[in-house]
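Structure record follows, encoded as structure tokens.
The numbers here are math on the coordinates, done by the rules we state, and not lab data. In this text, all values refer to a predicted model and were calculated from it rather than measured experimentally. Note that we place each Cβ from the backbone using ideal geometry, even for glycine, and neighbour counts take in every protein chain shown.
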Amino acid sequence: MLQVGAIALIIHDGALVAGRVVAVRAPSFCKVELQGLAEPDIVRVPLDGLVAALAVPVADNQAVAQRIAQARVRTAAEAIETAWSLLLGQPCGTGEVAQLLYGAQTPTDRDDALLAVGLADDAFAVERGQLLPRSAAERSTLRDQRLRRAELDRQLVGWDEALRQLQTGRRLANAQREAMARELLAWLTAPAAAHVAAGWVERKGCTGADATREVRELLVQLGTFDPHDDPAVHRLAAALPVHEFADDPPLVPTDMPRSDLDWVTIDNDDPHEIDDAVHVAPKGAGFEIAVAIAHPSLWFGPDHPVDVAARARGATLYHPRTVCPMLCDRIGRGVASLVADTWRPALVFFAEVTVDGTLRNPRVAELWVRVRWAWRYSVMDTWLQGAAGDPAQVAYAKLLWQFAQLREKRRIADGAWLLYKSEVDVRAPRFGAVRILDASQSSPARRVVTEAMIAAGVAAGQLGRDLRLPLPYRCQPPPHKPPLPPGLYTDAAHVATVLRATQPSATATEPGSHSLMAVPQYVQVTSPLRRYSDIIAHRQFAAHLRGQRPADAAQVQAWLAVCEPEAARMRTWQRAADKYFKLLLLAGQGQGRVWQAQIVRPLAAGVLAFVPELALEVPLRSRSMPVGQWCALLVKAADPGRDRVEVVVG
């Protein structure tokens, strides 16, 4: 039975090492103090993970090094070679090797055989206390590995000292800490270029996800990451090629005219990029709607590195911790973004809205536009509720709201379901508290933007159909037995009920109807700074406007085959990250708090509750509550790592 004080051979950081057993917790594990470090290094080892345990105990860790040195001095290289040649290919006990080496096989002799030829020589491998002779090829490989490890040890002297400091709770000098962090961050994106970090990982003996985990843990120790950082987010953010465009002009026709319309952007309080601007004006008993959309593809062609990278990413990832943009900031937040008081090239869709809300006479143009007003949703909503403001802007906000209401009525009459349950934006700055920001689409300002964007997509769909352009049309078959009539719904249970009956939407290069929005054709064109399929549509319309040959359906489909799966992956990633940080909030400040929730649908083993304040779905093991009922949930515990939350119904 393993005793405290025994010398144990274990695999640590990819190498076979010896240490003194300082604690035994049978039948699970033991703790081994490793020799050779300036400070004690205690590692926990499963008992079934021990390579071997020596018979004769030692008093302290220094005695381990002395025993190894004594065994090496006692054991001649010629004797090892003789034993190796006599026993090649035959598993043998330590006693047999000890007999060949020393002429005896006392416990001390057996221990010396393990330390001399098992720990320090390549002739024999140690496996469960036995010595297994190795072939000449294996010995050559091991010698090369030993030389490589010695080289890595020399290369990592500074890191080893820094790690010893971290292990003993001492602070590193800022310069050293920052240098190590830079090297590790570089390894996450380009391992071959980060030589020191790559050497550290190699010496650890881990690859793939295990290597990434080791790097992440060290970054946490250095204070660069916090425990909730995802290395994949850093890798994605750093993977986008940065190409300097400086003051290069866009590749636009020289005669592209300038628009004299009053343009307004409506966005959240801190927009990452500004894709679109809106103009609405009365026309007869109806309106004329114009939507100006950023035109980033004017700065790069389909084979440009920026375009290739954007297509491979598919869409921007709006992660709670950071934004990983589809386009480099020089374009997405700079020269292409529709910032106020600056002339920008845009693809502009126009349409007339009749007195009954019907959209007709769509057209498209490439124009220079200049945004007059940059509004925030919250400010526009206060104006529509009667708050004072600049008279011209307040009047314009009311005109936009009239347009949106007219279009909503038309779409509902055509069979649309306008579904606006609670939504949130999650913000989780590194080392900071999680913040939940309301992002529900049901406020008047957000509904104005929704209707303007849908109008642009409908105009693009009608134009694409009439011009026979292969475009990324968004299509959706009618729902199976819709449980609720068309209308505007903000109740979470109603929204969930309708969504359960809808069929999945799809992207096709041929026009088709979209049943949920009740439009005959629809093309997403309003977000080219964050969605690659919109760039495809822009290129097709731009080619038509310039008299050039648009890409054929096969080419459009080939582009979509690359970008659409990745865009879907980004959406899934964002949802998962949002949920992780919502649960992290519940695990902290939300634990012990009561949250209002609504039952939105039945499950196989209970019901699903929706917490509007967090836009979070929580499964409940109760079948007594009907869909639509409200209840109070007391959070008992939450584990974001395991995607679990424990609640009690109040």
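Sequentially through segment 600-611, phi angles give Karplus couplings (6.51, -1.76, 1.60; θ = phi - 60°) of 10, 6, x, 10, 4, 10, x, 9, 10, 9, 10, 9 Hz, Gly and Pro residues having no value and appearing as x. Straight-line reach from residue 31: taking Cα to Cα under 19 Å and skipping same-chain neighbours fewer than 8 places apart, the aspartates and glutamates in range are 13, 39, 41, 48, 60. Per residue, the convex hull spanned by the alpha carbons of segment 427-484 comes to 197 Å³.
For residue 223, no residue has an amide H sitting under 5 Å from its own, ignoring neighbours fewer than 5 places away on the same chain, with H placed 1.01 Å from N. Rg then Dmax, both in Å and based on the Cα atoms of segment 263-578: 19.0, 56. For 326, 1, the sequence from fewest to most other C-beta atoms within 10 Å is 1, 326.
Kirkwood hydrodynamic radius (Cα pairs, Å) of the chain?
30.0
Backbone phi angles across segment 329-346, fed through the Karplus curve with coefficients 6.51, -1.76 and 1.60 (θ = phi - 60°), yield HN-Hα couplings of 4, 4, 9, x, 10, x, 5, 9, 5, 7, 6, 6, 6, 9, 6, 9, x, 8 Hz in residue order; Gly and Pro are listed as x.
In this structure, the amide hydrogen of residue 524, modeled 1.01 Å from its nitrogen in the peptide plane, lies closer than 5 angstrom to those of 474, counting only residues at least 5 positions away or on a different chain.
Based on the Kirkwood radius over alpha-carbon pairs, what is the Stokes-Einstein translational diffusion coefficient of segment 588-649 at 37 °C with 0.692 mPa s viscosity, in µm²/s? D = 281 µm²/s.
Annotation: lysines with alpha-carbon distance below 30 angstrom to residue 579 (same-chain offsets under eight excluded): 421, 636. Only DSSP H runs of four or more residues enter the estimate; each adds -39500 (n - 2.57), and after division by the residues of the chain the mean residue ellipticity at 222 nm equals -12500 deg cm²/dmol. Here segment 156-225 is treated with +1 on each Lys and Arg Cβ and -1 on each Asp and Glu Cβ, and its dipole about the Cα centre works out to around 180 debye. If I histogram all Cα-Cα distances within segment 421-540 using bins 10 Å wide from 0, what percent of pairs lands in each bin? All Cα pairs considered, the percentages come to 12, 32, 34, 17, 4, 0. A simple packing score, the average count of other Cβ atoms within 10 Å per residue, orders the peptides 559-565, 354-360 as 559-565, 354-360, with the highest score first. Modelled label positions at residue 431 and residue 260, each set 7 Å beyond Cα in the direction of Cβ, lie 5.5 nm from each other.
Restricted to Cα atoms, segment 342-488 shows a radius of gyration and a Dmax of 18.2, 54 angstrom. Cα convex hull, segment 268-402: 146 Å³ per residue, rounded to a whole number.
Remark on residue 30: its backbone amide H falls under 5 Å from those of 25, 45, 47, a criterion applied only to residues 5 or more positions apart or on other chains, H modelled at 1.01 Å from N.
The Cα-based radius of gyration and maximum Cα-Cα distance (Dmax) for segment 156-225 are 11.3, 31 Å.
Using alpha carbons only, the radius of gyration of segment 7-135 set against its Kirkwood radius gives Rg/Rh = 0.97. Relative to one another, the C-alpha centroids of segment 560-603 and segment 125-149 are positioned 50 Å apart. Within the P(r) computed for segment 71-133, what percentage of the Cα pairs occupies the region above 17 Å? Distances greater than 17 Å cover 22 percent of the Cα pairs.
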